[in-house]
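To start, the structure under review is shown below, and the notes come after it.
The values are calculated or read from the model by the stated rules, or taken from the named source; none is laboratory data. The model shown is predicted, which means the values in this text are computed figures rather than measured ones. Counting neighbours? That spans all protein chains shown, and the Cβs are built from the backbone with ideal geometry, glycine included. SASA here: full protein model, heavy atoms, side chains in, ligands and nucleic acids out. Shrake-Rupley method; radii C 1.70, N 1.55, O 1.52, S 1.80 Å.
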Amino acid sequence: MIQVPFPPSRAALLLDFDGTLVDIAPTPESVRVPEGLAADLLRLRDMLDGALAIITGRPIAQIDHFLPDIPHAVAGEHGVMMRHAPGQALRERELPVVPDEWVQAVEKAAADHPGASVEHKKAGMVLHYRRAPEAESAFRELASAWPVENRGFHLQDAQMAIELRPLGIDKGKALRELMAEPPFAGRLPVFAGDDVTDRDGVRAARQMGGAGWLIPDDFPDAATFRRWLHDLSEGHGWGA
């Protein structure tokens with residue numbers, strides 16, 4: 001069993017959502033929060049004196065929908081939007097704007113490939129082809145022609161998707177920002193995720209003296225990770 005190498009009194013838990021806490025679903029809105037997960041997260045939050053956060057590619061409003069009143073802090077869209085404490089105003093970075101012609105082009109490509117979709121975000125978008133794998137080549141052809149860096153963006157592969165994200169925004173930087181404020185400050189970060197975009201969070205957590213794990217490298221799937229979280233919430237798997 002993987003063990004957190006320090007006790008709860010020294011730890012902060014910062015977790016990805018899709019593919020880590022919940023199973024990947026055909027569409028972002030069709031995910032289901034498994035029974036018992038909310039209770040486990042609430043026990044962990046109490047055990048950690050509040051130091052529980054979600055760092056996700058989703059907008060914060062979606063985490064509030066799926067995990068209402070559970071995490072103390074949330075970083076949405078990889079850190080584009082931050083809320084450091086319950087009820088606190090959102091912190092929003094100055095963001096580039098996606099050109100209309102890019103939006104129109106990918107919307108047409110999605111329409112030409114039933115099952116493909118475009119997820120629009122505050123700053124950027126995600127081109128999903130999980131339900132239409134043949135759309136990948138069309139999306140890539142379009143995106144490769146865009147001068148993304150000149151417009152303040154970069155392209156990031158995700159699970160069966162291509163994401164257009166603002167430059168200088170990633171989960172590692174979001175983790176460091178959250179760890180600078182109470183109740184996270186002075187603790188050691190424990191981060192877990194499942195996607196290419198989560199590697200920055202893993203790297204940052206380890207560089208700060210904490211722990212970082214990925215699915216499926218360290219846990220075979222989200223269900224196994226949830227069982228591990230349940231054991232943590234019952235006091236098992238913590239170091240001295």
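Of note:
- Residues satisfying the stated conditions in the stretch 188-210, i.e. part of a strand (DSSP E or B) and open to solvent by less than 10 Å² (accessible area, probe 1.4 Å): Pro189, Val190, Phe191, Ala192, Gly193
- Reported count of residues in the stretch 150-160, each being open to solvent by 60 Å² or more (accessible area, probe 1.4 Å), of a type in the set (S, T, N, Q) and under 23 Å from the mean Cα position of the chain (by Cα), is 1.
- Inclusion of Gly79 among residues that are open to solvent by 40 Å² or more (accessible area, probe 1.4 Å) and not polar (S, T, N, Q) is not warranted.
- Check on Asp16, in the same structural domain as Asp194 (by the TED database) and surrounded by fewer than 22 Cβ atoms within 10 Å (Cβ to Cβ): no
- Among residues of the stretch 87-107, those that are without any contact (Cβ under 8 Å) to a residue 24 or more places away in the chain and loosely packed, with under 13 Cβ neighbours inside 10 Å, counted: 7
- Here Gly201 does not qualify as within 14 Å of the chain's Cα centre (by Cα), free of Cβ contacts under 8 Å to residues at least 24 places away in the same chain and closer than 27 Å to Gly36 by Cβ.
- Qualifying residue in the stretch 63-77 (condition: modelled with pLDDT of 95 or more, among the small types (Gly, Ala, Ser) and farther than 19 Å from Met125 by Cα): yes
- Close pairs (8 angstrom Cβ cut-off, 6 or more residues apart or separate chains): closer than 23 Å to Gly19 by Cα and in a loop (DSSP other than H, G, I, E, B) in the stretch 47-58, open to solvent by less than 10 Å² (accessible area, probe 1.4 Å) and hydroxyl-bearing (Ser, Thr, Tyr) anywhere: Gly57/Thr197
- Residue in the stretch 130-149 that is touching a strand residue (DSSP E or B) at 6+ places or on another chain (Cβ under 9 Å), closer than 18 Å to Pro28 by Cβ, open to solvent by 40 Å² or more (accessible area, probe 1.4 Å) and in a helix (DSSP H, G or I) present: yes
- Qualifying residue in the stretch 121-128 (condition: within 27 Å of Leu21 (Cβ to Cβ), in the same structural domain as Thr20 (by the TED database) and open to solvent by less than 60 Å² (accessible area, probe 1.4 Å)): no
- Test: residue in the stretch 151-165 that is closer than 27 Å to Arg93 by Cα and in a helix (DSSP H, G or I): yes
- Matching residues, the stretch 211-227, being part of a helix (DSSP H, G or I) and of a type in the set (A, V, I, L, M, F, W, C): Ala222, Ala223, Phe225
- Considering only residues in the stretch 166-181 that are in a loop (DSSP other than H, G, I, E, B) and acidic (Asp, Glu), the one that is most open to solvent (accessible area, probe 1.4 Å) turns out to be Glu181.
- Restricting Glu136, Glu141, Glu163 to residues that are within 27 Å of Asp112 (Cβ to Cβ) and within 14 Å of the chain's Cα centre (by Cα) narrows the list to Glu163.
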